[in-house]
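A short worksheet on the structure shown next.
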Amino acid sequence: MTDIDAKTQEALSYTSYLALDEVLNAQRTRSDEHDELLFIVIHQVYELWFKQILHEAEFLQRNLAAGKTAHSIRVLRRILTILKVAVAQIDVLETMTPSQFTSFRARLDASSGFQSAQFRELEAVLGRRDERVFAHYPEGGEQRKRIADAMARPSLFDSFLAYLKASGYSVECDRDVTRPVEPSPALQAILLDVYSDDGGPSVVAECLVDLDEGMQEWRYRHVKMVERTIGDKTGTGGSSGATYLRTTLFQPMFPDLWAVRSRL
């Protein structure tokens with residue numbers, strides 16, 4: 001170890017390693033209302049979890065591409081656990097009454113959860129292909145580029161199909177990855193074999209079902225939280241609020257994994 005390395009190691013502390021001076025000063029309220037800090041903290045934590053899920057999803061796709069079953073299952077289980085924590089945070093947010101939220105809501109101006117670029121990127125990684133999301137992001141911006149890049153790459157389900165093919169199943173992997181996943185009876189027949197074999201690929205498939213269910217749970221809890229907080233009022237930033245969120249409910253990301261269950 002050089003003298004410079006030694007000094008750097010000695011200077012490193014819990015506060016500096018975690019950049020706590022930056023993190024703990026990133027909550028800039030726009031009113032004197034007590035509950036605004038909670039609102040900011042909750043949403044900043046969400047963004048940190050979205051960042052981690054994206055990080056894990058990229059790692060998961062690499063493991064699926066390499067045919068690493070055990071590693072893929074471990075990563076999926078971590079993502080599922082993070083998602084459960086994110087859903088549970090809604091319990092904390094729901095301790096805020098409608099009147100408490102209303103007390104500072106006007107200070108949010110045009111900001112809205114619809115503008116969460118990381119969540120839109122996560123949706124794209126999971127397979128959503130909907131260019132309407134770009135309405136919130138200007139041309140040439142970094143956020144728009146990240147979402148567009150995710151829409152142009154193979155989704156997590158595409159990686160799963162490639163993993164099944166590498167595992168010996170006769171899966172067609174020439175799908176246009178820029179299009180949404182559509183249910184396929186031919187693929188469902190292959191999935192019947194996957195489940196019948198009851199090996200590692202079937203466990204990966206079940207973890208993907210858990211992930212799909214977890215995302216649907218997140219959407220349901222989110223819409224109910226919005227309904228109990230602002231009812232059917234227009235959302236911040238001019239969004240349609242709960243009205244739009246209801247349209248996202250019960251739409252599976254991996255339709256074949258659900259359709260095959262009636263044939264098992």
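Considering only Cα atoms, the convex hull volume of the stretch 34-262 works out to 124 Å³ per residue. Here's the list of aspartates and glutamates a cross-link from Lys165 could span, going by alpha-carbon distance under 14 Å and ignoring same-chain residues fewer than 8 apart: Asp174, Asp193.
Compactness of the stretch 117-180 was expressed as the Cα radius of gyration divided by 2.2 N^0.38 Å, which yields 1.26. Cβ-Cβ distance of Ala70 and Asp197, R₀ of 22 Å, FRET efficiency by 1/(1 + (r/R0)^6): the value works out to about 0.85. Estimated from helical segments only, the mean residue ellipticity of the chain at 222 nm is -20000 deg cm²/dmol, where each DSSP H run of four or more residues counts as -39500 (n - 2.57).
Full extension of the chain segment joining Lys165 with Ala152 gains 2.6 nm, where the gain is 0.36 nm per residue of separation less the Cα-Cα distance. A 1.4 Å probe over all protein chains sorts Val92, Val177 by accessible area into Val92, Val177, starting with the largest.
The values are calculated or read from the model by the stated rules, or taken from the named source; none is laboratory data. Just so you know, these numbers come straight off a predicted model, no measurement behind them. FYI the Cβ positions are ideal-geometry reconstructions off the backbone, even for glycines, and counts take in every protein chain you see. Ligands, DNA and RNA are stripped out before the accessible areas are found, and what is left, the full protein with its side chains, is counted by its heavy atoms. Shrake-Rupley method; radii C 1.70, N 1.55, O 1.52, S 1.80 Å.
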